[in-house]
Amino acid sequence: MSVTEAIANRSEVLIRCEALTRQWGGLIAVNQVSLDFCLGAVHAVIGTNGAGKSTLINMLSGEIAPSSGSIYLKSENITAWSQPRRAQAGLGRSYQRNTIFPSFSVLENCRLAAQSRTPKPWHWWQSASSCAQSLAAARQAAELAGLQDWLDQTAGLLSHGQKRQLEIAMCLAGHPKVLLLDEPLAGMGAEETDRMLTLLEKLRQDHAILLVEHDMDAVFRIADQITVMVNGSVIASGTPEEVRNNAEVQAAYLGGH
Amino acid sequence: MPSKPSAAFVFVLAFFATLALYPLVGGKFGVDLVTKIMIYAIFALSLELLVGGTGLVCFGQAAFFGIGAYATVLLSPSSDPAGLALWVFAILAASIYAFVVGALSLRTSGVYFIMVTLAFAQMAYYVVHDTPLGGGTDGIYLYIKPVFGPFDLDQPNTLYFVTLLSLIAVFVFLARLSVSRFGRALAGIRVNEQRMRATGFSTYPYKLAAFTISGGLAGLAGFLFAVKDGFVNPEMLSWHLSGAVLIMIILGGIGHLRGALIGAFAFALLQELFKSEAIFGAFAKHWHLGLGLSIIASVALLPRGLVGVPAQLQERLWGRSSRRAQSLGDTDVSH
């Protein structure tokens, strides 16, 4: 993809939330959050623990219903859509805690994720492993995430870093347009972090990526846009440079970083 | 599926071959007993689809079994013997009830699911127990047994082979199902339903389909049981039976279809053993005690069920060998 195309793409908003709010009793986890996530851009959401980042991802992916506000996929209002329907429409997510299928092989983890594209549950006589389409998607996703040499390994026996890679691979296997990544770098070593960032660079071209991450060096290295949340509210949103120089952010979060 | 036959495959083949040859030596009593056990094996397989295949612990499986049996008797024509239609109706009746129960109970999960399925089964139990519909506590007789084309199910040997064929068909069906897209999705739901939803699977229809199929298979077992005994009573829907079939698959080893086969035979044979006056004399009256103790012992000593015994022995003899995956507490597709 050429630079101009990438810039042109960047204006295309894939997913947008408006005044998104979630409260549990008196606790407001996410408060009036309005954000855009564009094709070709990594949009990082940072904030301390409990700032509402995971709740935001959970609302966008459909795991939790918002108390108020709306979510749009392109121009369609998807606020009332179930999580599976959103996933079918191109919303992929990864989890902060590993939620792989530990007893399945790496390939089967990815294949099952890819199977959501061609579910055909009524083909009961046909072996799932003969589904060329989902196998190809699974292999491709595993390779993208750097797991091509571990396809037959039982997923539960992978190293922590590899499990994080598998999280991403499973997310990619369903060919989503939007990636909602909840701390993909958590617990990764320097080398693994590097590899993951390289992968995100590559994925950026044809995805809209929401990245929730605590590793500030990584965030400032890769993000096109950074949003800072404190106690459920957005206090700043802009380019890495703008956010770095924002006085409120420095006071509230970066602490003179 | 692996290209070279696995030990499990050879075992299952030998198991069915033995059953096919058994009537040559079994005698009248033996044929009757093994027919009953094979019916229980079908019943156990139906539950294994839910518990081992999908991770849904249903504690009301007897309702589907009983409804299949009652439908068989109630829908039997009073003059001519019934044909294959009766078989279809019995399975349909159980499936429909399972569909309704599943549609409601699958909105809950965990221990609530167990309780709701039990409640629905008790409901069905009291309907046949306390209303004249099914003859009340006395039950009802099936006077004329069905005839499937050339096969008269009134003949014990014919019924034996029809039951064996049904068992094989159910086993093969579930084995195919477990490696199909549908079965793999069920396995995914068992291991991590949240992830399946995030991946784009609407898990509710999958679980409901599994529940309905399971109910239909239990109904098939109920049909065969009604035909064998020529009699149905409300105890066929009781929670004791739901518990017994759960114990069968636990005893055999959850997560393997052959576990349901082995479990059904082990359970029934243990029951016969402790009931035998020749061995236990007057104590045979208290067979529940011996059966219960032996089940407690086997669950304590064989956490993976009887299916896991070879692997357990292997580990004992050769140390903790290559079977590391099993330490994950959940095994992948296996018959």
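The values are calculated or read from the model by the stated rules, or taken from the named source; none is laboratory data. No experiment lies behind these values; they were computed from the predicted model shown. Ideal geometry is used to build each Cβ from the backbone, glycine not excepted, and the neighbour counts take in all protein chains shown.
Things to note:
- Number of positions in region A:200-222 that are assigned to a helix (DSSP H, G or I) and under 13 Å from the mean Cα position of the chain (by Cα): 3
A quick yes/no check of all residues on (1) over 23 Å from B:Leu208 (Cα atoms); (2) of a type in the set (A, V, I, L, M, F, W, C); (3) at pLDDT 95 or above:
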position	(1), (2), (3)
B:Ala7	yes, yes, no
B:Phe15	yes, yes, yes
B:Thr18	yes, no, yes
B:Leu21	yes, yes, yes
B:Lys28	yes, no, no
B:Leu33	yes, yes, yes
B:Ile42	no, yes, yes
B:Cys58	no, yes, yes
B:Ala69	no, yes, yes
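- Tallying residues that are assigned to a loop (DSSP other than H, G, I, E, B), touching a residue at least 24 places away in the same chain (Cβ under 8 Å) and surrounded by fewer than 19 Cβ atoms within 10 Å (Cβ to Cβ) within region A:29-55 yields 2.
- The set of residues in region B:75-109 that are surrounded by fewer than 19 Cβ atoms within 10 Å (Cβ to Cβ) and part of a helix (DSSP H, G or I) comprises B:Leu84, B:Ala85, B:Val88, B:Leu92, B:Ile96, B:Phe99, B:Val100, B:Ala103, B:Leu104.
- Residue among A:Gly174, A:Gly90 that alone is out of contact with any helix residue (DSSP H, G or I) (no Cβ under 6 Å at 6 or more places or on another chain), touching a residue at least 60 places away in the same chain (Cβ under 8 Å) and within 11 Å of chain B (Cβ to nearest Cβ): A:Gly90
- Filtered by the rule that a residue be at the interface with another protein chain (Cβ under 10 Å from one of its Cβ atoms) and among the polar types (S, T, N, Q), region B:173-216 gives B:Ser178, B:Ser180, B:Asn192, B:Gln194, B:Thr199, B:Ser202, B:Thr203.
- All told, B:Leu220 falls short of being under 27 Å from B:Val116 (Cβ atoms), within 14 Å of chain A (Cβ to nearest Cβ), touching a Gly at 6+ places or on another chain (Cβ under 8 Å) and in a helix (DSSP H, G or I).
Conditions (1) modelled with pLDDT of 95 or more; (2) over 18 Å from the mean Cα position of the chain (by Cα), marked per residue:
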site: A:Gln96; (1), (2): no, no
site: A:Ile100; (1), (2): no, no
site: A:Arg111; (1), (2): yes, yes
site: A:Thr118; (1), (2): no, yes
site: A:Pro121; (1), (2): no, yes
site: A:Ala128; (1), (2): no, yes
site: A:Ala132; (1), (2): no, yes
site: A:Leu147; (1), (2): no, yes
site: A:Lys163; (1), (2): no, no
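- Candidate set: region B:303-314, residues that are assigned to a loop (DSSP other than H, G, I, E, B) and touching a residue at least 12 places away in the same chain (Cβ under 8 Å); chosen: the one surrounded by the fewest Cβ atoms within 10 Å (Cβ to Cβ): B:Arg304
- Region A:56-70: number of residues that are in a loop (DSSP other than H, G, I, E, B) and either acidic (Asp, Glu) or within 12 Å of A:Gln83 (Cβ to Cβ) (or both): 4
- Of all residues in region A:190-204, those that are hydroxyl-bearing (Ser, Thr, Tyr) have Cβ atoms under 7 Å from Cβ atoms of residues that are part of a helix (DSSP H, G or I), 6 or more apart or on another chain, in A:Thr193/A:Ala218.
- Set A:Ser75, A:Ser61, A:Ser82, A:Ser70: member being surrounded by fewer than 19 Cβ atoms within 10 Å (Cβ to Cβ), within 12 Å of chain B (Cβ to nearest Cβ) and not charged (D, E, K, R): A:Ser82
- Note on region B:1-44: among residues that are within 14 Å of chain A (Cβ to nearest Cβ) and in contact with a Phe, Trp or Tyr (Cβ under 9 Å, 6 or more places away or on another chain), the one that is farthest from B:Ile67 (Cα to Cα) is B:Pro2.
- On inspection, A:Ile78 passes the criterion of being without any contact (Cβ under 8 Å) to a residue 40 or more places away in the chain and closer than 29 Å to A:Cys131 by Cβ.
- Of all residues making up region B:145-163, the number that are closer than 19 Å to B:Lys36 by Cα and assigned to a loop (DSSP other than H, G, I, E, B): 5
- Of the candidates B:Phe265, B:Phe274, B:Phe283, B:Phe223, the single residue that is more than 17 Å from B:Ala44 (Cα to Cα), buried (at least 17 other Cβ atoms within 10 Å of the Cβ) and of a type outside the set (Asp, Glu) is B:Phe274.
- Listed by first and then second residue, the pairs linking a residue in region A:100-126 that is more than 22 Å from B:Pro205 (Cβ to Cβ) and within 7 Å of chain B (Cβ to nearest Cβ) to a residue that is crowded, with 24+ Cβ neighbours inside 10 Å and of a type in the set (S, T, N, Q), with Cβ atoms under 7 Å apart and 6 or more places separating them unless they lie on different chains, form an empty list.
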